[in-house]
Amino acid sequence: MDFQPIEGAHDPAHTLCAKSKAYVDYACDKDMPATAALDKLSPLMKSVYQAICPGSNGDRAIDELCVAAKDRWQSLRASRLIIRHESEWANPSKWKSLTAELEKETGANAQYAAEQRRIEKLVWWEEVKAKLPDLPGPAVFHMHPVGMVGNFQAKHPLITIEMLAAANPSGSTTYHESLLAHLNTFAEKYNVTTPKRIAHFLSQIEAESKFRNVEENLFYNSQNMKVIFGCKPKPRGASAPAATISENDVECNYGKLRPKLWSETDFYENNPENLANYVYENRYENGAESTGDGYRYRGRGLIQTTFKANYRVLTEEHNRRFPDDPQDFVAHPDLILTNLAYGIESAFVYWTVTRNINPIADTGDVATVSRFVNGGTHGIAARRASYNRLALLLDLSSDPGQ
């Protein structure tokens, strides 16, 4: 259960503010500084505001509370609150303080007196308590009955639309909705089930693919393919980069890793199939260049499953967890692209099985997790920003970086 009890001092007249006058000033749009600010709220409503609007700065707190019901996620948060205050069905005299403040602004108004009489006819608490001595006093906890019942009837998702919007703000709600059921199915199956694991997983997927089920782009010109695939990596502690770009070509400072990118440049540049077959040959169960395995098992999915070995692992893990849906991704690698569910599952297999990142995510920061995902800290600022947006929603500490 994720319900939250809230108590605190409150305006007896049930306005949002600590005092009725402050609310009347706000409602009358008085030319006063910060009439809607957080410090105008009662202690009780400050707690409500912070629960409904996490991450907001409070400058327009009353405005935000007044429109919260129009936002489905703020409404959902409100439905999970159990708030203690005096019942509206008791002590009708409490409304008189509000009427008095209103009349200071508008003058006497017969409508106020009529409303007071109407309220007095509706109250029932004291009348019932006279017959039921065990009935508590009117200061009781109030809950959202539909929200409470739904808590026991529905299985709450691990990942929500709100989380996807935070992780991937450029994505549309329609696209996020198409992902949601699959993300929740695989999050449960692959044990991405804690707030930290979810925040790290979603923020890394945002950085890797922006949640798009795509294939690896291997369309490189001569210069880029040599820089990315052609040179031996820089040794630890060395200062010079692996490659230096000159006017005419790319120079490898520590030796060439794939010399055919220089001797047969025309065959590989701007040709994804030829390039993949060469640079991915004889790696992770791929065969030689001539087998075509490099291109056949190129990167696909939300986190770019690459190499025959990883397609085999995806097949084994999927069939173990979903025996009623047997698949062979080694024989049919394009299933990852043509079926969104498999493209999403491939990312979970990489995360939980291939790289075993769940225990890293439990204690690690964004930089540590990023190194396990892609071997370095490329795009670390964007990864951290996405993580921190999710941290606000999931009540996690933000990642300040270095």
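Can you pull the percent of Cα pairs in segment 223-322 with separation above 23 Å?
Here the tail beyond 23 Å accounts for 38 percent of pairs.
With all distinct Cα pairs included, what does the Kirkwood hydrodynamic radius of segment 4-153 come out to in Å, to one decimal, could you say? Before the final figure, lay out the partial values.
Values: mean 1/r = 0.0588 Å⁻¹.
So the Kirkwood estimate lands at 17.0 Å.
Place the peptides 165-173, 304-312 in order of packing, highest mean first, counting for every residue the other Cβ atoms within 10 Å and averaging per peptide.
304-312, 165-173
Rg to Rh for segment 287-400: what is it, with Cα atoms only and Rh by Kirkwood?
1.04
Can you compute 3J(HN,Hα) from phi for each residue in segment 116-126, using the Karplus curve 6.51 cos²θ - 1.76 cosθ + 1.60 with θ = phi - 60°, rounded to whole Hz and x for Gly and Pro?
Taking θ as phi minus 60°, the curve returns 4, 5, 4, 5, 4, 6, 8, 5, 9, 4, 5 Hz for segment 116-126.
Need one number: the % of Cα-Cα pairs in the chain sitting beyond the 26 Å mark.
Every Cα pair in the chain considered, those over 26 Å come to 67 percent.
To the nearest 20 Debye, how big is the dipole of segment 4-153 about its Cα centre, given +1 on the beta carbon of each Lys and Arg and -1 on that of each Asp and Glu?
For this selection, approximately 320 debye.
Can you tell me what the convex hull of the Cα atoms of segment 145-254 projects to on average, as an area in nm²?
The directionally averaged projection comes out at 11.3 nm².
Roughly how many whole Å is it from the C-alpha centroid of segment 338-402 to that of segment 37-66?
31 Å
Treating the beta-carbon of each Lys and Arg as +1 and of each Asp and Glu as -1, no other charges, what is the dipole magnitude of segment 221-368 about its Cα centre, to the nearest 20 debye? Intermediate results must be reported in sequence, preceding the final value.
On the way: 16 positive and 20 negative charges, 96 e Å.
Dipole size: approximately 460 debye.
Values in this text are rule-based calculations from the coordinates and carry no lab data. Quick caveat: nothing in here was measured; it's all calculated off a predicted structure. No Cβ is skipped: glycine too gets one built from the backbone with ideal geometry, and neighbour counts run over all protein chains shown.
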